[in-house]
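Structure first, commentary second.
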2 protein chains.
Amino acid sequence: MTTHAVESEGPPLSLLEKAAKVLSAFQTAQPRLTLTEVVQRSGLPRSSAHRILDQLVQQRWLEREGRDYRLGIGMLELGAMAAHHNRLRRAALPHLHALHESTGHLVHLTVLDGTEVVYLERIGGSHDHGVPSRVGGRQPAYCTAAGKAILAFSDATLVEPVIRHGLRPRTPRTITRPESFRGELARVRERGVAFDYEEGFQGVFCVAAPLRGAGRAIASISVCGNGAHRELERIAPAVLGCARSVWQAMFGPGRRTRKRTESTPPLPTAGVPQPAMDNMMSWLRFSEWM
Amino acid sequence: MTTHAVESEGPPLSLLEKAAKVLSAFQTAQPRLTLTEVVQRSGLPRSSAHRILDQLVQQRWLEREGRDYRLGIGMLELGAMAAHHNRLRRAALPHLHALHESTGHLVHLTVLDGTEVVYLERIGGSHDHGVPSRVGGRQPAYCTAAGKAILAFSDATLVEPVIRHGLRPRTPRTITRPESFRGELARVRERGVAFDYEEGFQGVFCVAAPLRGAGRAIASISVCGNGAHRELERIAPAVLGCARSVWQAMFGPGRRTRKRTESTPPLPTAGVPQPAMDNMMSWLRFSEWM
């Protein structure tokens, strides 16, 4: 059972690194794992995994029920405190609630982490369980409105790794060609908001606005629905307004977004075709090639 | 700086226990801590705290910004997964949303942990920030409707430690005498729901229903507002109905709550005065002695 031993390669792992490996094994759709499953997923020797599982149960980071282990209330409490202390989330929360109440749709607060977006907050009602997002969950950035809104206002050092990592088709509408993706980001800069019409999940439509002042985006706010893409066009201004309000709540009115003509950052868009489009509808017609 | 060293007393702490102490230091209202503050709060030697902080930053369980540390996105992700995997929360979520939407008030899902309640979920709108609760947060069980609803349908082995731990006054309306508290739990059993009229926080009113079949409570569902106690009387049946729906979602209709006359469990209520009260209004008049 120790054939997966990672201890035999490279420098020995610290107990904390091993504990992180064990806990990562629970970052899966399966809530309960046996010792054998933890060994398989973590690559740790069985004796080591067993000892660490015991210690994690003592800390209440895991709970044991018979032969099964699952994430415990201690981990829920620490994670909830991490969310509670997150300055961005705290500043955004009342505005996200207001956006949800005014639109009736599912609202997300999202940050970019490498090539993925992570949902810091998700505010929805009983009808929004069809959208496969959750707080702390991840999605590839390239196929979400939330990710495109951030990437469009990011340096090439963040955008290029996303493209290099691969624009794999998730639905027939996913943008998979690098030049098309760069063109899409240019259109997001043009419009100020990003749309996702079933690029990540069939039946899921989103609109996202970057959280930014005059420069790079630090996060995005998005509204999702299913099958309501005309509705999303209508509420795009509200999403933009929400993003501006959150920015001001964090940095004060002195750093509010400047007029749109001034706010387009000097990003590496040279060579990207930017078709002339004067209003949202013409953009939407153009985007039908997706 | 090592005068607080806990390593010199008792068996040496494992690295994981030390890491838990460091992380616990962040379970406070203050989001950012310096090394010195972590040393003070954790009781660990400075060198040990520094080494562990470094390792926690590597795992992204903490983030470092200049001289400050704060809980990181890795911890948020693990905690969010713990919440996502929680079977009770998953079963309850659509019903909690429906209860929030039908009442317009803040909704909680709560479990008992020792003498405290822990909020597993909190569903509210932009107007509910006045209620000082948060997911993963704790409150003393005795002064919350959520706690009383669980304790009323719990064994004496859970109730007596709460009383022994002390019924400290939080507001002028907190129930602080043990015999009064036992009487209150008897009234909760009688009514099937618990009320909190500013017993924990001034201006906060709640109603809670236990999550149970015919036996002990495993959790509670509560609705809170501020200054709307007539409203809470009106929606008590909806809270009870929500609790029944969640119970059925978890265990199936076969284990639904039996008729109320049958469902009163054989709890140690002997000797507790149970004033005759036929309806909620008479109970509310009686409760005015609080």
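What about residue A:47, is it within 14 Å of chain B (Cβ to nearest Cβ) and either farther than 24 Å from residue B:60 by Cβ or not hydrophobic (A, V, I, L, M, F, W, C) (or both)? Spelling it out, it is not the case that residue A:47 is within 14 Å of chain B (Cβ to nearest Cβ) and either farther than 24 Å from residue B:60 by Cβ or not hydrophobic (A, V, I, L, M, F, W, C) (or both).
Condition test on residue A:151, is it hydrophobic (A, V, I, L, M, F, W, C), more than 17 Å from residue B:75 (Cα to Cα) and assigned by TED's automatic domain parsing to the domain that holds residue A:225? It is true that residue A:151 is hydrophobic (A, V, I, L, M, F, W, C), more than 17 Å from residue B:75 (Cα to Cα) and assigned by TED's automatic domain parsing to the domain that holds residue A:225.
Being part of a loop (DSSP other than H, G, I, E, B) and within 17 Å of residue B:204 (Cβ to Cβ), is that true of even one residue in segment B:101-118? Step through it out loud before you land on a result.
Applying the first criterion (part of a loop (DSSP other than H, G, I, E, B)) to segment B:101-118 yields B:104-105, B:114-115.
After this cut, where a residue has to be within 17 Å of residue B:204 (Cβ to Cβ) as well, the list is B:104-105.
Within segment B:101-118, one or more residues are part of a loop (DSSP other than H, G, I, E, B) and within 17 Å of residue B:204 (Cβ to Cβ).
Residue B:16 meets the stated requirement of being at the interface with chain A (Cβ under 7 Å from one of its Cβ atoms) and over 22 Å from residue B:121 (Cα atoms).
Of the residues making up segment A:110-120, those that are buried (at least 20 other Cβ atoms within 10 Å of the Cβ) and within 22 Å of residue B:135 (Cβ to Cβ) are A:110, A:111, A:117, A:118, A:119, A:120. Residue A:235 passes every criterion in (1) at positive phi; (2) modelled with pLDDT under 95 apart from (1).
Identify, please: which residue in segment B:62-81 is of a type in the set (Asp, Glu) and more than 8 Å from every other protein chain (Cβ to nearest Cβ) and is, among those, surrounded by the fewest Cβ atoms within 10 Å (Cβ to Cβ)? Full working, then the answer.
Initially, segment B:62-81 is screened for residues of a type in the set (Asp, Glu), giving B:63, B:65, B:68, B:77.
Next, only the ones that are more than 8 Å from every other protein chain (Cβ to nearest Cβ) stay: B:63, B:65, B:68.
Working: B:63: 18, B:65: 8, B:68: 13.
Looking at residues that are of a type in the set (Asp, Glu) and more than 8 Å from every other protein chain (Cβ to nearest Cβ), I get B:65.
Can you confirm whether residue B:149 is away from chain A (no Cβ under 12 Å) and touching a Pro at 6+ places or on another chain (Cβ under 6 Å)?
Working: away from chain A (no Cβ under 12 Å): yes; touching a Pro at 6+ places or on another chain (Cβ under 6 Å): yes.
Yes.
For segment B:68-94, give me each residue that is aliphatic (A, V, I, L, M), more than 17 Å from the chain's Cα centre (by Cα) and either under 13 Å from residue B:135 (Cα atoms) or part of a helix (DSSP H, G or I) (or both). Explain how you work it out, then say what you get.
From segment B:68-94, those aliphatic (A, V, I, L, M) are B:71, B:73, B:75-76, B:78, B:80-83, B:88, B:91-93; that's our starting set.
Restricting the remaining residues to those that are more than 17 Å from the chain's Cα centre (by Cα) gives B:71, B:73, B:75-76, B:78, B:80-81, B:91.
Correct list: B:73, B:75, B:76, B:78, B:80, B:81, B:91.
Within segment B:109-145, the set of residues being among the small types (Gly, Ala, Ser), touching a Phe, Trp or Tyr at 6+ places or on another chain (Cβ under 8 Å) and away from chain A (no Cβ under 14 Å) comprises just one member, B:145. Step by step: first the residues of segment A:1-44, then only those that are of a type in the set (D, E, K, R) and at pLDDT below 90, then the one that is surrounded by the most Cβ atoms within 10 Å (Cβ to Cβ). Which residue is that? Once the filter is applied, the top-ranked residue is A:7. Just one of (1) assigned to a strand (DSSP E or B); (2) facing chain B (nearest Cβ under 8 Å) fails for residue A:97. It is (1).
Of the residues A:200, A:125, A:130, A:183, which is surrounded by fewer than 20 Cβ atoms within 10 Å (Cβ to Cβ), assigned to a loop (DSSP other than H, G, I, E, B), among the small types (Gly, Ala, Ser) and in contact (Cβ under 8 Å) with a residue 60 or more places away in the chain? Quick ask: steps written out before the conclusion?
On the way: A:200 fails: surrounded by fewer than 20 Cβ atoms within 10 Å (Cβ to Cβ); A:125 fails: in contact (Cβ under 8 Å) with a residue 60 or more places away in the chain; A:183 fails: assigned to a loop (DSSP other than H, G, I, E, B).
It is A:130.
The values are calculated or read from the model by the stated rules, or taken from the named source; none is laboratory data. Everything numeric here is computed off the predicted structure, so don't read it as measured data. We place every Cβ from the backbone using ideal geometry, glycine too, and count neighbours over all the protein chains shown.
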